[in-house]
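Notes follow the structure.
The values are calculated or read from the model by the stated rules, or taken from the named source; none is laboratory data. Remember, it's a predicted structure, so these values are computed and weren't measured experimentally. We place every Cβ from the backbone using ideal geometry, glycine too, and count neighbours over all the protein chains shown. All accessible areas refer to the heavy atoms of the entire protein, side chains included, with ligands and DNA or RNA removed. Shrake-Rupley method; radii C 1.70, N 1.55, O 1.52, S 1.80 Å.
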Number of protein chains: 2
Amino acid sequence: MFAARNIYKMKGREFKDAMYDGLAKLLKALANPARLEIIEMLSQGEKSVEGIVQTTNLNFANASQHLQVLKNNNIVKARKEKQYVFYSLVNNEFLSLYQHIARYAVSEIAELERIMNRQRDDNKSLNAVGLDELETMINNENVLLLDVRPSAEYEFGHITGAVSVPMPDLLCCLKDFSKDKEIVAYCRGPFCVLADEAVKVLSENGYKVRRLDEGYPEWKMKQLESN
Amino acid sequence: MFAARNIYKMKGREFKDAMYDGLAKLLKALANPARLEIIEMLSQGEKSVEGIVQTTNLNFANASQHLQVLKNNNIVKARKEKQYVFYSLVNNEFLSLYQHIARYAVSEIAELERIMNRQRDDNKSLNAVGLDELETMINNENVLLLDVRPSAEYEFGHITGAVSVPMPDLLCCLKDFSKDKEIVAYCRGPFCVLADEAVKVLSENGYKVRRLDEGYPEWKMKQLESN
DNA sequence: CAAGTATTCAATAGATATATTGAATACTTG
DNA sequence: CAAGTATTCAATATATCTATTGAATACTTG
């Protein structure tokens, strides 16, 4: 047991064991698909347990348990307001680490690369826009930037200049966007399919549209780092 | 099962599940203390299974099994020469990710921070030198830099200007180092205790000595990034 | 090709992680 | 304070992970 190593003086082997045990404990907390999805959701802004349940496949008890694991490993923090408990990521250092892991996995694990390419292909969003390219397009003022996440997430933070058009709205009542400007749709991140769906619908309706490779959290961290 | 999702077209939920499963699979491969120690050893340069066994607590069968797990997850690669199998990390992108994880854990997990401080305190090496500070000291030419790892690791790569004094040598026959220059000892990284032991011995013998906060792999990555 | 060495395989028991279920708690509002 | 709602707890069966053991394989060298 980890805490049992808390004795006065440690020999070298005990020190190493304690450090590697602690590191492994953190990684174990991350090494679960449901918890990874929760992390991605919380990187959009704080959410109640119900908020997590609505945007994932999890039921209440299950979501709550996974959130406890994340909390016990200092990955998320909880805030109580009225009868609700709002969870959020502890800090941006963690978000930066999570994004590094995701970026590595997508670019270095062939299996994941292949799955991602097929997803993008099926949704006509293979030709995704990178964050750097987006910046250039914004500076040239020839882009209409759509945030297709739920409006609550948009309100927690969004890319400067983006317009909020949640997917249900986009599907029910296709607005008349200008066909002059190129449209770029973005959502929660590379694993989020909302932007893929938006690209599919819009391109089938004759718009010139691409998705952003990444999502709002990646844009946010990039802004922070360039300061 | 991960591979079973390999069907022609995926709905959004299936895509997300496949991506998070794949990400979790990678993290599970990392989430084990023995494998983390192996990774740290391999970040010093390639090693045979026997090399791993000698520098860890593992027996052959166990080390071999963990190495298979790492290989199946594209974390290490194997090269066969004569009767030996030499393992090494796949690439520097992975090493960079590993170091990010370790750095995060040490600075953001209170428990690990505490254990590390006690270790450094016990070995009189609390006042460690950072990589930036070391660079300044080297430029001012007022430092004797000791690499206290086994000489094989020194030969795979070492900090420019460092002298190889493996721990056994240092312990058996304390050389007459100049007492004018400050000594800085370094080893495999922040979880390695060799430099701590070196600091302890040397400072008890009247030398002005500190350890490097990090190790050779961290120095190497920093060099790569500044290009 | 026989002997020796390095590594891997296969089987297994014990430990740990996970989803599910139903109940308990805590808080708010009328 | 009663009723309703959000969240957590506790128990459990199943699945997965891990260390250990003894044997098998693969390669080299004499």
Go through B:Q83, B:Q65 for me and flag whichever is within 11 Å of DNA strand D (Cβ to nearest atom), at pLDDT 95 or above and away from chain A (no Cβ under 14 Å).
-> B:Q65
Set B:L42, B:L58, B:L70, B:L23: member being facing chain A (nearest Cβ under 7 Å) and not β-branched (V, I, T) | B:L23
Qualifying residue in the stretch B:87-100 (condition: within 16 Å of DNA strand C (Cβ to nearest atom) and within 13 Å of chain A (Cβ to nearest Cβ)) = yes
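Give the residues of the stretch B:74-110 that are part of a helix (DSSP H, G or I), open to solvent by 40 Å² or more (accessible area, probe 1.4 Å) and more than 13 Å from B:G45 (Cα to Cα), sorted by residue number. Show your work before the answer.
So in the stretch B:74-110, the residues part of a helix (DSSP H, G or I) come out as B:92-108, B:110.
Subsequent filtering for residues that are open to solvent by 40 Å² or more (accessible area, probe 1.4 Å) retains B:92-93, B:103, B:107-108, B:110.
B:E93, B:R103, B:S107, B:E108, B:A110 - these are the residues of the stretch B:74-110 that are part of a helix (DSSP H, G or I), open to solvent by 40 Å² or more (accessible area, probe 1.4 Å) and more than 13 Å from B:G45 (Cα to Cα).
Results for (1) within 20 Å of the chain's Cα centre (by Cα); (2) within 14 Å of chain B (Cβ to nearest Cβ), shown as yes or no for each residue.
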residue	(1), (2)
A:Y104	yes, yes
A:S107	yes, yes
A:L112	yes, yes
A:M116	yes, yes
A:Q119	yes, yes
A:N123	yes, yes
A:D132	yes, no
A:E135	yes, no
A:N140	no, no
Can you give me the number of residues within the stretch A:136-150 that are without any contact (Cβ under 8 Å) to a residue 40 or more places away in the chain and either in contact with a Phe, Trp or Tyr (Cβ under 6 Å, 6 or more places away or on another chain) or β-branched (V, I, T) (or both)?
-> 2
Would you mind finding the one in B:E133, B:E153 that is of a type outside the set (A, V, I, L, M, F, W, C) and touching a residue at least 60 places away in the same chain (Cβ under 8 Å)?
-> B:E153
Check whether at least one residue in the stretch B:54-73 is open to solvent by 60 Å² or more (accessible area, probe 1.4 Å) and in a loop (DSSP other than H, G, I, E, B), and report yes or no.
-> yes
Are any of the residues in the stretch B:22-30 outside any helix (DSSP H, G or I) and touching a Leu at 6+ places or on another chain (Cβ under 9 Å)?
-> no
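Take B:L23 and tell me if it is open to solvent by less than 10 Å² (accessible area, probe 1.4 Å) and over 30 Å from B:S151 (Cβ atoms). So that I can check it myself, show each step before the final result.
Working: open to solvent by less than 10 Å² (accessible area, probe 1.4 Å): yes; over 30 Å from B:S151 (Cβ atoms): yes.
Taking the combined requirement at face value, the residue satisfies it.
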